[in-house]
Amino acid sequence: MELNSSVMDRSVEEIKHFQEQKLREVLHYVTQHSPYYKQLYQAQQVDISAIQTLEDLPLLPLVTKDDLQRNNDDFFCVDKGQIIDYATTSGTLGDPVTFGLTDSDLDRLAFNEATSFTIAGIQKGDIVQLMTTIDRRFMAGLAYFLGLRKLGAGVIRVGAGIPQLQWDSILKYKPKYLIGVPSFLLKLIDYAEKAGIDYKNSSVQGVICIGEALRTADLQPSILANRILDKWPLALFSTYASTEMGAAFTECEYHQGGHVIPELILTEVVDQENKPVSPGELGELVITTLGVQGIPLVRFKTGDMVRKHEDPCPCGRNTYRIGPVEGRKKHMIKYKGTTFYPPAIHDILNAFTSIQMHLVEVQTNDIGTDEIVIRLVSDDTSQEYMKQIKDAFRAKLRVTPQIVFEEIAILQPIVFNALSRKPIAFIDKRVQ
């Protein structure tokens, strides 16, 4: 795929027609090459010739993460000799799943990220510092590098963590953009202030933020985003992606949700009964990948709870956007008559500047209901500070979870587990 070939600027009707053609191609491909979809469609007597438009998608059966985990090998559509790269999911909701990428899939991945970075304003010749891992079978790190290379940007592969090393590279190579986890920016700021680095006048102008939401449900800056911006007035761009999708939804300068790249993915947002919800309503994201050779997915339930925004974006692109992930379906918490998702807890805790680190644990008690324990590393461990935190929970969520102050030596190895590619801020101990 050539970078200037994106159909994002075509009319809504032209984009829909384009995607319907690609949908028919995907269905023909999986019925020819995927052992899993062959068996599934035969067993359910699916006639793919009846699927002509996007409105016909609900005629196809849904596929879940459990299906993918139990039948991983049967989803492969090519023999192992054509696989160039092996990637795995992070295993947030279960055992990691292996994805094999062909040479064509890697080109597709590069097109995805190059287009995403262009949406966020990165241009050829810009220097970008990559503050995430590119190893450990992590698709995202590889995708970022491939996309920046395709775009013609310079890449500084520093990897995750280590504020001193990040600042050494920023001051030496003068990147215009960073790619990293937004909460880590607070650590960069803290290190810079202690080391006397004039970070506000550094070369950095923008950050592509991964792994944590920067927007609320109504697309306003989150508490975490405001904490960063109050200290360091940068352009922050939120991006949402997953290994299963092999595609990303990235914000433009108007921050109205992440734009879909029509060449790469079809999406649906459904309710508990798998019926489509109206634009702007919360539901589970269901995806169908386009142009994937190794492991294409048709009507795959991601488990991510999002909202689709179809109103026109001021940037002029005629594509809908996906808002922030407000939670994972399996992570929904029912606590003392209130239902919410872990990000609501994280957002409250991010408002307290003395909290250095937190871990939310949910388990089932002896009467079968959810119990929440929040473990904190904080500069202030007074009873008054704990009362302030509990008051914030009562005001925002109308519940008060158990709060425990911990030593950093106890919590840090759990949150920053050496075997995990991302910080662990939520552990679900409930019996599923």
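The values are calculated or read from the model by the stated rules, or taken from the named source; none is laboratory data. From a predicted model like this one, the values you see are computed outputs, not experimental measurements. With ideal geometry, Cβ positions are generated from the backbone for all residues, glycine too; neighbour counts draw on all protein chains shown.
So which residues in region 94-119 are assigned to a loop (DSSP other than H, G, I, E, B) and buried (at least 23 other Cβ atoms within 10 Å of the Cβ), if there are any at all?
Within region 94-119, none qualify.
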Got at least one residue in region 340-361 being at pLDDT 90 or above, surrounded by 17 or more Cβ atoms within 10 Å (Cβ to Cβ) and over 23 Å from LEU186 (Cα atoms)? yes
If THR288 satisfies every condition in (1) surrounded by fewer than 22 Cβ atoms within 10 Å (Cβ to Cβ); (2) in a strand (DSSP E or B); (3) hydroxyl-bearing (Ser, Thr, Tyr) but one, which is the exception? (1)
Restrict the check to region 159-167 and report whether at least one residue is at positive phi and of a type in the set (A, V, I, L, M). yes
Taking region 291-345 and keeping residues at positive phi and touching a strand residue (DSSP E or B) at 6+ places or on another chain (Cβ under 7 Å) leaves ARG299, GLY303, GLY327
Out of ALA241, ALA248, sole residue that is under 12 Å from the mean Cα position of the chain (by Cα) and surrounded by fewer than 23 Cβ atoms within 10 Å (Cβ to Cβ): ALA241
Is it fair to say LEU229 is within 22 Å of the chain's Cα centre (by Cα), surrounded by 14 or more Cβ atoms within 10 Å (Cβ to Cβ) and not in a loop (DSSP other than H, G, I, E, B)? yes
In region 61-70, what count of residues is obtained for those that are surrounded by fewer than 17 Cβ atoms within 10 Å (Cβ to Cβ) and either touching a residue at least 40 places away in the same chain (Cβ under 8 Å) or over 24 Å from the mean Cα position of the chain (by Cα) (or both)? 3
Leading residue by the ranking (modelled with the highest pLDDT) among those in region 393-408 that are aliphatic (A, V, I, L, M) and in contact with a Phe, Trp or Tyr (Cβ under 9 Å, 6 or more places away or on another chain): ILE403
When the residues of region 166-187 are narrowed to those that are over 18 Å from TYR144 (Cβ atoms) and either of a type outside the set (Phe, Trp, Tyr) or not in a helix (DSSP H, G or I) (or both), which ends up modelled with the lowest pLDDT? SER183
Candidates GLN363, GLN402, filtered to the one that is more than 30 Å from THR89 (Cβ to Cβ) and outside the structural domain of PHE184 (by TED's automatic domain parsing): GLN402
Expected single match for in contact (Cβ under 8 Å) with a residue 12 or more places away in the chain, of a type in the set (A, V, I, L, M) and within 30 Å of MET139 (Cβ to Cβ) among LEU376, LEU397, LEU359 is LEU359
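Residue-wise test of (1) touching a Leu at 6+ places or on another chain (Cβ under 9 Å); (2) modelled with pLDDT of 95 or more; (3) not assigned by TED's automatic domain parsing to the domain that holds LYS275.
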position	(1), (2), (3)
SER6	no, no, no
ARG10	no, no, no
GLU13	no, no, no
LYS22	yes, yes, no
VAL26	yes, yes, no
TYR29	no, yes, no
LEU60	yes, yes, no
LYS80	no, no, no
ILE84	yes, yes, no
